[in-house]
1. Once the Cα gyration tensor of segment 233-336 is diagonalised, what are the square roots of 5 times its eigenvalues, in whole Å and ordered largest first, as equivalent ellipsoid semi-axes?
2. About the Cα centre of the chain, how large is the charge dipole given +1 on each Lys and Arg Cβ and -1 on each Asp and Glu Cβ? Please answer in debye to the nearest 20.
3. Given the Cα atoms of segment 154-305, and with Rh set as the inverse mean 1/r over their pairs in the Kirkwood sense, what is Rg to Rh to two decimals?
4. Count neighbours as other Cβ atoms within 10 Å of each site's Cβ, and list the trypsin sites (Lys or Arg not before Pro) in segment 225-280 that are DSSP loop with at most 16 such neighbours.
5. Can you give the FRET efficiency for D226 and M296, using 1/(1 + (r/R0)^6), R0 = 25 Å, r = Cβ-Cβ distance, to the nearest 0.05?
6. List the DSSP H helices in the chain whose Cα atoms stretch 18 Å or more along the helix axis and whose mean Kyte-Doolittle hydropathy is at least -1.0.
7. Need one number: the % of Cα-Cα pairs in segment 216-278 sitting beyond the 17 Å mark.
8. How large is the direction-averaged shadow of the alpha-carbon convex hull of segment 98-141, in nm²?
Amino acid sequence: MINIQSIHTFTRAVLAPLLWVFVFFSSNVFADDLPGMADIAFTNPTVVASMPDEWVKQGIRYETEQTVDLALTLDQQLYPILMPFIQEFAAREQIKIAIEEGTCGVSAGALARKTVDMGGFCCPPGDIDRLPGLRFHTIAIGALAVITNPLNNTKDLSLAKVRELFGGQISHWAGVPTSGFRKDHSSPVQAVTRQHCAPRPGHWKLIISDKEKFSPTALGVSAINDMLNAVAKYPFSVGYETLWHIKGHADSAKVNILTVDGVNPHDLHAVAAGRYPFYRVFNVTTWEGPEVQDPMADKLVAYMLANSERIRPMTGLVTADTLRDNGWQFVGNELTGGPR
């Protein structure tokens with residue numbers, strides 16, 4: 001039986017902000033000393049943040065009010081994707097699992113407080129996430145599609161032009177003749193950005209690595225539906241989002257999905273081969289060590305990975321096994337670099 005409930009992570013813990021600041025300032029900076037690893041896409045898996053001895057010796061302390069066997073928090077894309085597998089696992093093992101749907105920040109906060117057995121992320125871990133005893137397991141990657149308003153006739157953009165549109169070097173769609181807009185300054189580019197998970201590599205940083213280098217006229221939004229609604233509403237807009245979320249909002253937010261240098265984000269073979277440049281990395285975590293490790297959590301991760309191919313048809317994700325087959329770099333179960 002699975003017990004799904006809110007854990008209410010942030011409001012109950014006074015120590016959480018202090019722990020998070022401590023982690024941020026005590027973690028080492030990635031030195032880019034592993035071959036094939038770029039600091040905008042991945043961080044060094046050998047880096048471990050320094051934490052107080054008291055924290056290291058602390059066990060997992062659930063914040064849920066009911067008795068459960070495992071407590072999880074998953075980001076808003078992993079939550080619906082992994083839920084069927086978690087339900088299957090809970091029924092098979094006859095255990096209770098408390099799950100919170102949240103964000104990478106919610107997962108990071110719960111892990112920093114040691115209130116969950118597993119956290120789920122839509123990004124590779126940043127240095128601040130590499131807590132002592134914490135292990136990352138990559139489930140899959142998903143293409144981050146470049147999107148425009150349906151009134152825009154553009155079907156394909158070069159990688160350079162994508163970056164120029166978001167960076168402001170191309171300020172009007174007259175600079176993209178395929179757009180079909182007038183060849184004058186009456187069609188200003190409206191870049192829409194969602195700069196979530198700033199302490200972590202990958203995702204939007206694969207477009208432009210420094211948030212300060214995005215166009216000064218860019219419209220920043222904080223929510224996925226705001227990104228899609230903005231692009232669907234403003235004729236001159238350009239944005240980005242995963243195929244899963246675009247599909248989930250298709251009835252309310254119509255957008256065009258572009259190819260980049262002729263490569264379609266729907267082409268899973270191209271994504272797996274590393275020929276499509278923008279993607280998110282989906283990870284879950286477990287703990288190692290006598291005070292925190294739970295064999296049932298390890299067993300759940302193994303079940304997720306063993307059944308991950310079942311998620312591909314409905315989600316457009318490329319699973320870890322497929323990435324391995326295409327030469328992507330792993331340390332343990334964690335994706336740490338692109339194809340060699």
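No value in this document is a laboratory result; all are computed from the given coordinates. As the structure is a computational prediction, the values presented were derived from the model and not from experiment. Every residue, glycine as well, gets a Cβ built from its backbone with ideal geometry; the counts of neighbours run over all protein chains shown.
1. Working: eigenvalues 200, 60, 32 Å².
The answer is 32, 17, 13 Å, longest axis first.
2. Values: 29 positive and 34 negative charges, 194 e Å.
Rounded to the nearest 20 debye, it is 940 debye.
3. 1.06
4. Values: sites: K233, K247, K254, R275, R280; in loops: K254, R275.
Here the trypsin sites (Lys or Arg not before Pro) that fit, given the DSSP loop and packing criteria, are K254, R275.
5. Values: r = 38 Å, r/R0 = 1.50.
The calculated FRET efficiency here is 0.10.
6. Values: long enough: 78-93 (21 Å, 0.51).
Within the chain the helices that satisfy the rule are 78-93.
7. Working: 888 of 1953 pairs.
Of all Cα-Cα pairs in segment 216-278, 45 percent lie more than 17 Å apart.
8. Details: hull surface 13.0 nm².
Average of the hull's projected areas for segment 98-141 equals 3.2 nm².
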